[in-house]
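Here's the structure, in structure tokens; my notes come after.
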Amino acid sequence: MYSSIGHRLRKKDAELPEPAPVIAGVEAEYYVVVKEVLQLKPAVENRVDSIVWTLDGKRVANAPEYAFAAPATPGSYHLVILAYNKGNIAQKVIQITTGQYINWSATTNTVLKINASSKFANTTGISWEMVSAPSTLYRLADSSSFALFTTVEKGTYKLKVYAGNLVDTLLVTVRQPEKAASPYISQVFDYLPAPGQFVNELPKYVAGDTRETMIAKVTKDLVGEDANTITLGGWGGYVVIGFDHTIANIAGRRDFRIHGNAFGATANPRPNAPFGGSCEPGIVMVAYDKNKNGQPDEDEWYEIKGSANFRRRRSLVRGRCCR
């Protein structure tokens with residue numbers, strides 16, 4: 001009995017091992033422009049006695065933070081952070097690459113806002129130019145002190161921003177996102193058909209349906225690859241849909257496709273009858289989610305030119321038929 005109690009006391013009084021430090025708050029890779037300084041200050045969980053920094057195997061600091069000064073010549077560097085406490089060593093390895101160009105990163109089918117560097121502050125007449133690109137499927141829209149860039153192809157894009165004698169060269173490294181973008185509709189925000197031939201049939205309305213339940217039915221019909229036809233009714237009916245990525249507006253290219261039920265027909269009992277069929281025109285409007293709230297706000301819409309815009313005698317086309 002006494003032996004058992006003594007064993008429990010000794011186990012209780014034994015010193016527990018101290019939790020090892022956990023290094024966080026720093027990335028595994030950095031790109032630094034030559035002659036610039038990268039300030040690193042990791043967040044370390046649990047108690048720590050000391051933090052040691054080694055650069056390419058040479059001890060360069062013993063401090064909570066470290067300033068890496070990029071030499072004038074581009075190169076690659078191996079930086080290691082070592083955090084010590086009693087009986088434990090934690091390690092974080094960082095790869096630093098230095099180069100002559102300002103580096104940006106993005107994923108395909110997203111809009112990257114690129115700001116001109118501080119040396120262009122209070123400068124007018126700033127211009128942006130694509131120097132080299134692995135694909136022509138990109139869009140660069142500039143607005144003086146910043147530019148908006150998007151592309152559908154991965155790779156490295158080289159840009160130039162300049163004003164007078166001031167020049168910066170930038171590299172934008174574009175990678176594919178972890179989840180591939182879908183070419184099909186991903187969301188239905190709103191649906192309101194006008195009176196027409198197939199209203200309440202495509203999709204089917206049943207007694208008790210609300211606007212929300214009808215939107216849910218349209219969502220089932222339109223989202224994904226296996227889509228069906230819906231009706232917008234007559235003039236004024238509309239549907240508002242969205243995609244899981246930004247569609248790049250590429251000059252001279254057809255950026256997206258809308259399938260309808262228009263068709264041509266040559267069968268006509270009248271002699272010398274013109275070619276006819278079923279053509280149901282509508283207005284298409286597009287929007288970019290510039291405020292990133294995930295909603296199709298009213299101030300973001302642009303109408304796409306249709307056939308009526310190119311006729312010599314244009315009919316008045318106003319209002320909103322479909323989006």
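Values as computed for the structure displayed
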| item | result |
| --- | --- |
| Matching entry among Ile102, Ile89, Ile114 (being modelled with pLDDT under 90 and among the aliphatic types (A, V, I, L, M)) | Ile102 |
| The one condition in (1) assigned to a loop (DSSP other than H, G, I, E, B); (2) surrounded by 14 or more Cβ atoms within 10 Å (Cβ to Cβ); (3) under 23 Å from the mean Cα position of the chain (by Cα) that Ile241 fails to fulfil | (1) |
| Enumeration of residues in the stretch 198-212 that are out of contact with any Gly (no Cβ under 8 Å at 6 or more places or on another chain), in contact (Cβ under 8 Å) with a residue 12 or more places away in the chain and in a loop (DSSP other than H, G, I, E, B) | Leu202, Pro203 |
| The listed residue being without any contact (Cβ under 8 Å) to a residue 40 or more places away in the chain, among the charged types (D, E, K, R), part of a loop (DSSP other than H, G, I, E, B) and within 29 Å of Pro183 (Cα to Cα), out of Arg253, Arg257, Arg270 | Arg257 |
| Any hit, the stretch 84-92, residues being loosely packed, with under 15 Cβ neighbours inside 10 Å, at positive phi and touching an Asp or Glu at 6+ places or on another chain (Cβ under 7 Å) | yes |
| Matching entry among Thr156, Thr150 (being modelled with pLDDT of 95 or more, in contact with a Ser or Thr (Cβ under 9 Å, 6 or more places away or on another chain) and outside the structural domain of Val22 (by TED's automatic domain parsing)) | Thr150 |
| Residue among Ser143, Ser117, Ser127, Ser132 that is without any contact (Cβ under 8 Å) to a residue 12 or more places away in the chain, out of contact with any Ser or Thr (no Cβ under 6 Å at 6 or more places or on another chain) and farther than 27 Å from Ile23 by Cα | Ser143 |
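The values are calculated or read from the model by the stated rules, or taken from the named source; none is laboratory data. Because the structure is predicted, anything quoted here is derived from the model rather than measured. When we count neighbours, we look across all protein chains shown, and the Cβ atoms used for this are built from the backbone with ideal geometry, even at glycine.
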